[in-house]
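Novice: Got a structure here, written out as structure tokens. Questions coming.
The values are calculated or read from the model by the stated rules, or taken from the named source; none is laboratory data. What you are looking at is a predicted structure, and each value in this text was computed from that prediction instead of being measured. Reconstructed Cβ throughout: ideal geometry from the backbone, glycine too, with neighbour counts over all protein chains shown. SASA here: full protein model, heavy atoms, side chains in, ligands and nucleic acids out. Shrake-Rupley method; radii C 1.70, N 1.55, O 1.52, S 1.80 Å.
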Amino acid sequence: MGAEPRSDLSTGLKPWHAIVSEALKRNEVRLVTYVPDRVLTPLIDSVHKDDFFTAFASTREEEALGIVTGAWMGGMRGAVLMQTSGFATLPNALASLAVPYQIPLLMFVSERGTLGEFNLGQALVCRTMRPVLDALGIENHTITRLDELDFIVDRSIKQAVATQAPCALILSPLLTGGKKFAH
Amino acid sequence: MDIASSAAHHANLKVTNRFELSQRLVALLTQGEAVIGGIGNTNFDLWAAGRRPENFYMLGSMGLACPIALGVALAQPKRRVIACEGDGSLLMQLGSLTTVATLAPKNLTIIVMDNGCYQITGAQKTTTAFSADIVGIALGAGIKEARWAADEAMFESLVRRALLEDGPQLIAARIDDKPAVATTERDPSLIRDRFMRGIGVKA
Ligand SMILES: Cc1ncc(C[n+]2csc(CCOP(=O)(O)OP(=O)(O)O)c2C)c(N)n1
């Protein structure tokens, strides 16, 4: 048995996915599009169930980035949910669209490739993520603690909008429980 | 190199011109329709056809005209939104046609300028010069209103229809291998700001 994610049982706080969806809602982020990841499933389920959100799968993360860009320019805030490997498909779209056009694109990345990864490819691709974010000067935070989650998400959305800049929030296995080792 | 298409789906289509069609498109826009121009020639000719604050000139993201247009269409369901895309660019992001078909925004139209090549990088053939039929692909993706414009007059009537009837719709036109007649001013944040003001998001 792998470790369970930190939950309301141990901390008195809501589960991570409820905290994220409430922060999105509070900040009027209505459009949520994703290429799925197992760990993101409860968040994806909760945005689909809530009529506040326009939630749907995109076929590629670049496509999702384009959709959120269009939505922002049309007056609707949006977020993209993805896995580490999905982020690795984005540098060109970030460098040609989100960064130069000053789009407050919110990216939630479920972090694979660390803290018990069983797939070598995931471990390698994970190592490209922070260098890419740093090279492009994109604000990013790795979130490990449930008690810091709301603060980081809420403040990061507000900063992204105020400064018209993309932002990546990396959801560590320490927060979500990650993906358990496949036996 | 011979870039003329021998593809069957191109057989009965007049070879039109991107700038000519872009001018005809812009002339038909009277209701503040938003237009998203694809990388390179597509947005260059859109720019040359007459600057409008409701046009978004996307400079370097190959394949993202349709996703951007979809985002605008979802955010502003009362405004008609048009993506102008090249065949090579659309081929790079074909999955986006299935997303458009699934979400089925009534206000979205995709126009594909099909020259059967990557004109701007040296006119290398795309797969539409062989077996790939853009309209067939769109129909297969679930976009029911997808048609070839056989000539300029039919292009105009398909655009008029797209502006009146529920979409999503796709109009594909066979064009020549000419480059665009001008180039866009390259200032991304200015382009974005003008567009947001043009579609009423900023005062
Ligand atoms: C991801 C990516 N790959 C390759 C390129 C280089 N590139 C720029 S425009 C272009 C061709 C676009 O072809 P198409 O959409 O058919 O338009 P056309 O030039 O024929 O008008 C290519 C390959 C790029 N900008 N981005």
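Novice: Failed condition for B:Glu33, given (1) within 11 Å of chain A (Cβ to nearest Cβ); (2) open to solvent by less than 20 Å² (accessible area, probe 1.4 Å), with all others met?
Specialist: (1)
Novice: A follow-up question, please. Can A:Ala64 be described as facing chain B (nearest Cβ under 9 Å) and either of a type in the set (Gly, Ala, Ser) or closer than 24 Å to A:Leu146 by Cβ (or both)?
Specialist: yes
Novice: How many of the residues making up region A:41-60 are farther than 17 Å from B:Leu103 by Cβ and crowded, with 22+ Cβ neighbours inside 10 Å?
Specialist: Number of matching residues: 1.
Novice: Does B:Ser157 count as open to solvent by 40 Å² or more (accessible area, probe 1.4 Å), on the phi < 0 side of the Ramachandran plot and part of a loop (DSSP other than H, G, I, E, B)?
Specialist: For B:Ser157, the condition - open to solvent by 40 Å² or more (accessible area, probe 1.4 Å), on the phi < 0 side of the Ramachandran plot and part of a loop (DSSP other than H, G, I, E, B) - is not met.
Novice: Could you list, in sequence order, all residues of region B:36-49 that are in a helix (DSSP H, G or I) and either of a type in the set (Asp, Glu) or within 10 Å of chain A (Cβ to nearest Cβ) (or both)?
Specialist: The one that is in a helix (DSSP H, G or I) and either of a type in the set (Asp, Glu) or within 10 Å of chain A (Cβ to nearest Cβ) (or both): B:Asp45.
Novice: Could you give every pair whose Cβ atoms fall below 8 Å, whose first residue belongs to region A:90-118 and is open to solvent by 10 Å² or more (accessible area, probe 1.4 Å) and among the hydroxyl-bearing types (Ser, Thr, Tyr), and whose second residue is modelled with pLDDT of 95 or more and in a loop (DSSP other than H, G, I, E, B), counting only separations of at least 6 or pairs across chains?
Specialist: Going by the 8 Å Cβ cut-off, the qualifying pairs are A:Ser96/B:Ser61; A:Thr114/A:Ser172.
Novice: Then there's this: Those residues that are within 10 Å of chain A (Cβ to nearest Cβ), among the small types (Gly, Ala, Ser) and without any contact (Cβ under 8 Å) to a residue 40 or more places away in the chain, I need them from region B:66-89; list them, please.
Specialist: B:Gly71, B:Ala73, B:Ala75
Novice: May I pose another question? With the condition kept exactly as written, say whether any residue in region B:50-59 is under 17 Å from B:Glu20 (Cβ atoms) and more than 12 Å from every other protein chain (Cβ to nearest Cβ).
Specialist: yes
Novice: Among the residues that make up region A:76-85, is at least one of them surrounded by fewer than 24 Cβ atoms within 10 Å (Cβ to Cβ), aliphatic (A, V, I, L, M) and facing another protein chain (nearest Cβ under 10 Å)?
Specialist: Yes, because at least one residue in region A:76-85 is surrounded by fewer than 24 Cβ atoms within 10 Å (Cβ to Cβ), aliphatic (A, V, I, L, M) and facing another protein chain (nearest Cβ under 10 Å).
Novice: Do you know which residues across region B:177-203 are open to solvent by 30 Å² or more (accessible area, probe 1.4 Å) and farther than 21 Å from A:Ala95 by Cβ?
Specialist: Those that are open to solvent by 30 Å² or more (accessible area, probe 1.4 Å) and farther than 21 Å from A:Ala95 by Cβ: B:Asp177, B:Lys178, B:Pro179, B:Val181, B:Ala182, B:Arg194, B:Arg197, B:Gly200, B:Val201, B:Lys202, B:Ala203.
Novice: While we're looking at this one, here's another question. Would you confirm whether any residue within region B:86-94 is hydrophobic (A, V, I, L, M, F, W, C) and either within 13 Å of the chain's Cα centre (by Cα) or within 21 Å of B:Ala27 (Cβ to Cβ) (or both)?
Specialist: Among the residues of region B:86-94, at least one is hydrophobic (A, V, I, L, M, F, W, C) and either within 13 Å of the chain's Cα centre (by Cα) or within 21 Å of B:Ala27 (Cβ to Cβ) (or both), which makes the answer yes.
Novice: Please go through region B:90-131 and pick out each residue that is without any contact (Cβ under 8 Å) to a residue 60 or more places away in the chain, part of a helix (DSSP H, G or I), within 13 Å of the ligand (Cβ to nearest atom) and open to solvent by less than 10 Å² (accessible area, probe 1.4 Å).
Specialist: Answer for region B:90-131, where residues must be without any contact (Cβ under 8 Å) to a residue 60 or more places away in the chain, part of a helix (DSSP H, G or I), within 13 Å of the ligand (Cβ to nearest atom) and open to solvent by less than 10 Å² (accessible area, probe 1.4 Å): just B:Leu90.
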